[in-house]
Every structure is written in structure tokens, then in C-alpha cells.
1. Using Cα-only point scatterers and the Debye equation, what is log10 of I(q)/I(0) for region 82-298 at each q in 0.13, 0.15, 0.16 Å⁻¹, rounded to two decimals?
2. Which net charge results when you count Lys and Arg as +1 and Asp and Glu as -1 among the other residues whose beta-carbon is under 15 Å from that of L242?
3. Fewest first, what order do Y134, Y80, Y94, Y151 take by the number of other Cβ atoms within 10 Å?
4. Put +1 on the Cβ of each Lys and Arg and -1 on the Cβ of each Asp and Glu in the chain; which of V55, M135, V250 then has its Cα farthest toward the positive end of the dipole?
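Just so it is clear, none of the values below were taken in a lab; they were calculated from the coordinates. Every value quoted in this text rests on a predicted model; they were computed, and no experiment measured them. Cβ: placed from backbone, ideal geometry, glycine included. Neighbour counts: every protein chain shown.
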Amino acid sequence: MTTETLITGRPARTRGERAAHPGGVSRARLRSILRHTLMLAVVVISLYPVLWMVVSSLRPDGSIFGNPSPIPTDIVWENYAYGWNALGAPFGQYIANSLLVVVGSIIGNLFSCSLAAYAFARLRFRFQRTAFVYMLATLMLPIHVVIVPQYILWAQVGLTDSFWPLIVPKFLATDAFFIFLMVQFIRGLPRELDEAARIDGAGHARIFFQIILPLMVPALATTTIFTFIWVWNDFFSQLIFLTSPDNYTVPIALRSFIDAQSSSSFGAMFAMSVVSIIPLILVFAFGQRFLIRGIATSGLK
């Protein structure tokens, strides 16, 4: 005899009968509806700016800011044709410039950050902990602090208004975030692999390139995706170093559509903004599983 039988004098309901109780079903259904409604509201709020930008790229300039509706009415496809050739050079040239900077930055980060991470994770040298702490401390430095000495340095060697100041630092392991990510990943690999290779006569170079590096694919993919997104969207550094219109990248080219002293073409700017986010969407869509796996296996939250 159960407690419910003693109190109420009625037989206790089974688990299936309690689950089928009308009140329990309605409460569970209500919680589910509220949860899905809240999730849908968050998705709508998050996607509204992007949807409004896409719709605004199809509107005339005079009706963009006066109509907050995400539903297009007067569709103007000419914004894309005009925006592609509005800056004196085809917009594809600016996309090519951005791709050049992005590819160079990705190669530099993969090469230098992986070597630095292996050194911190596997080697033992003097002041190793101190160097690692200083490396992590650079994460707290804003770019505005280091951009001035960097510009003075590149100006003295005459390489401003070129892509070198944006690419070369990536080969010097300047992105501490990726070093830390790879260090965490390498520390999760068993040291028995290194010891077995060392017994066979392998040195650090062979251990790194033939054993550690092939196992770092998730961390390398995460570094590639983040580097692509950050460098593609970088505006401040590229604005400082690139002054010639032929060297403009996508962020600077988009800024050129807005002129404070003359008329601004917002429709063309939104149209080219839609074009510029397509590579980001493709990279994130195809690399999402590597990104999640790399973050999960490296211990980052």
C-alpha cells in the first residue's frame, strides 16, 4: 500500500496514468509552446538586421530608412549592378584583395601559431612559464595600443600602403588566442606518441610534422575559420595601412559608398554588403563541424 492510497483512500496512479493526466499534459504543452515561442523570438530579433539589409539592397535610396519592414515592395535590382562598378574599379577587385590578405593571414597563423604552441606544450626551456604568461597577457592589449608602433616600423621600411603589414605579422605568431587554443589541444594528446617516436630516433621536427600536426586538424580548422572571419571583417588595421584605392579591401570599399560631403549610395552599399557576407556564410557553413569539434577538444568554452 502506497502513501497516496493511505492519504486519499484511492489506489495510487501508475506513472503512465500520471503522464496522461489532462492537467499534466496541458502544463507540459504550455511550457513547450512558451519555450519555442521564446526561441523563435530570439531568432527573429537576431536575424532581423541581416534580413533588413538584404531587403534594403533591393530598395531605392529614398525609401530605405523610412521603411523598417523586412518585406520588399519596390524591388530595384540595379543597386547590385551599380554597386559593383560604383567605385572606379569592379567590386571583385576588392574581394580579391581581401582574399589575398585572408589567405596570407591563414597560412601565417597556421604555420607560426602551431610551432609556438608545440614549443609551449612539449618543449622545456628556461623562462617557459614566464613567456607563456606574457603571451597570454597580449590578449588584453587592444589593437589601438600596438597599431602606432607597427605603423612607424612599416613606414620606416617603406612598406605602408601594401599588404605586407597585414600579412607578415601573422608569420610571427602574434595571435595569442590561436596559440593558446593549440596549446590546449596538444596537451590533450598522449605523450606516449612522442616517446614512441623518440625511441625510433625521431627529433622534434619529425615528431611535430609527422605525428602532432596531423592530429591537430580540428584545432587548425578552427584557426582557419576564425582567421578568415576576423581578417575579412577587419576594418581598422586595413584602413590604417591601405591608402591607395587599388589596394582597398572589402571593408574599406564598403565605407567608400558613404560620403559625408556629397550624396551617399546606401542601396549600392547594402547590395555589396550582401555580396561580401556570402564568403563568410559559406566558410561557416562548410566548417561548422570542424569549428565545434576544435573548440570542444581544446577545452575552450
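1. For the requested q values the scattering log ratios are -0.84, -1.03, -1.12.
2. Every neighbour counted, the sum reads -2.
3. Lowest to highest Cβ neighbour count: Y134, Y151, Y80, Y94.
4. The residue sitting most towards the positive pole is M135.
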